[in-house]
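Notes follow once the structure below has been shown.
The values are calculated or read from the model by the stated rules, or taken from the named source; none is laboratory data. As the structure is a computational prediction, the values presented were derived from the model and not from experiment. Cβ atoms come from the backbone with ideal geometry, glycine included; neighbour counts cover every protein chain shown. The accessibility values were calculated without ligands, DNA or RNA, using every heavy atom of the protein model including side chains. Shrake-Rupley method; radii C 1.70, N 1.55, O 1.52, S 1.80 Å.
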Amino acid sequence: MADHGIPLAPAPGHGKGKGKGKSKGIIPLGTDPPTMAKGKGRGKGPPIMANSKGKGKGLVPGKAAPPPPGAQPQLRREAPPEHLMAPPGVVRLPLRANRVQSSGTIWEGLDPWGSNEAGQFPSWRVNFDRLRELWAPMEEVPTHLAPQHTVANEERVMDQRMQQTVEIVVRSLKLQPDKIHEALRGDFDALTPQQIRGLAGQIVPAVRVTSGLLQALVQRRGVASLPSPEAVLWAVASTPLGEARAQTLALRVQLPEDKAMLQERVEPAVKIVQRLRQSLPLKMLMQAVLVVRSVLSQHKCTAFPIRELGSIIKHERYRRMATAGAGAGRFTDWYQENIPSTLRLVAEIVADSHANYNQLRFITMAALSKACRLESARRCIWSYLGSPIAGGSVLDACKLLQDCDSRIFDPELANWVQSRQLYRDRAINGHVRPLQAYMDAQPLQVEAQLREHLDVVSKSINDTQEAFRTGWNDLMQAALDVCDLIGEPRPTGHNRNGKILDIAAAALQHLRTLGTMVREEVELVWFMQRRRRLQALPQQIRTDAALGRSGFCARAWQPVDTRLEILATTGDPDLVREMRSHLRLPEERSAAQAKAAPETKDKAKADAAPPPPKAKGAPQKYVDLIHSGIEGVYARDPITGKWGRRADGVDGQVRDITRRGGASA
């Protein structure tokens, strides 16, 4: 079978022969021209195929040249059947050369034209008409379904990074050009606050860079050809003063948030200063520190610096001794107990004061409950009195000091306030005023919504500036009050506000540390007091028992008679007899005792008589004491560990419910 291929031009070379040959064949597709050996004489060119007339020792007539060693198999293209023949001129499916041998693979024996003449696949069916339909001319695409022309890569108005950023913002926030037009014309509700932030923060900077290229691209191709990111950019660029309009929208959203954020920072500062100034428990705690240090130093002290006060009193002792060496652990415990630190002494004062506070509070409540019987009246009076000690317990100072957070006077707050003020100034000078000047030049009927929007923005700017001025003054005054409370001098000079905030933040941190240390030490004092009471409890119980005292009982209670309940629930016959004898009337009990007197005497005589002699090897008499047998009843095998028979013949390995004392299975 002749191979079908593409004719190739003759190649230059040296032939072997003298005659002129006429080529009638073609070189098969996928093979290289045959390599010709160098011969004698000159020829005009090698023959294309072996069918040549001439004399010489060239190729064998009628045969193709053998493929070189290691060459790939040739591609054989067989014409399809007539019913599957494609019309001339139609597009064909491009296929790469098939270089896989089908023999021995899953493709072996398959018909590429799908005839299935051998009936190999009984359910085989191919719709060849569907394949032949693809050779028909393609219909024109409907206008509404035609793909829009996109800007070529060389006509992009943004670089790749900016393009990705804009696409992410547009898709994530779902920005639409028509909604942006409405918002820029004054409809503030057309966009959400998140969309406005994305528009002012990401889209407007991109518009500032690409406005000229966008305008040129729109003039060349039209607005309809712009993709979604470029269309969003064009919605801002095509609006007069679009950047200023977008920034005023962002300003209207951002100003209330800045005002609320500053208020959240100012209120805790003012409240913590007020609590520190009016707290009586805090004064009591400072009084304890003052008393301990003044007494131990024998020097009248009026105040101490708060800076690192907690660490100082923790390690401060009025006597020092070496704690190293053998037995240092036990000596350290004795050392901590007998030579306490200043913090331990302060904690003991706090614990005693707290116990006294609880006692006075309980006494006050007891007196109030006796004075007034009506529950609602007692609650009303107690809510008015509050507590027997004005201001509460000294331990409440620890809770107050735990609320002293240094972040209330964060030094970075001054930078934030300054940055927001700079942002407002830039927005006013760069966007609001130019937009107001533009609107003043327009007729009053033009863009009425935008005029209302500008009025709202102007009012919001004034309110925010006033709130920032008042809030900042309150914050700085609170920081100065903290400096005065701890006795630190007010800083002056360059960066005065930052220094004031630093001192106030450090003061709150030191107060918080002091409160934590005192609280932990009070917990340790309570633990040691409980341990002392537990250690002294056994001796106290022995003392009370020796003196006949009732110990810790507040009052003596009469025993509760539970004989009837015991009689109704018990199954012990001895206990039943005892309960019945106790529950008899005195007359019945006397008659029963008189009747049982002779029997008791006879039984006593029988018990006093010596037992009769027992024969050697006789079995032991069975005696069962209800819950166990007598000593030596069971015998255990030392090898197997099993219990053997009892002396009375009862197997100890099996539970005997008829006789008490058997082993449990």
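For ILE272, what accessible area in Å² do you get when you roll a 1.4 Å probe over the heavy atoms of the protein chains, rounding to the nearest 10?
The accessible area comes out at roughly 10 Å².
Would you mind checking LYS271/LYS370; LYS259/LYS314; LYS259/LYS499 for any pair whose Cα atoms are more than 32 angstrom apart?
LYS271/LYS370; LYS259/LYS314
Lys and Arg at +1, Asp and Glu at -1: add these up for the other residues within a Cβ distance under 10 Å of ALA190 and post the number. Kindly include the intermediate steps, with their values, before the conclusion.
Numbers: positive: LYS179, ARG185; negative: ASP178, GLU182, ASP187, ASP189.
Local net charge: -2.
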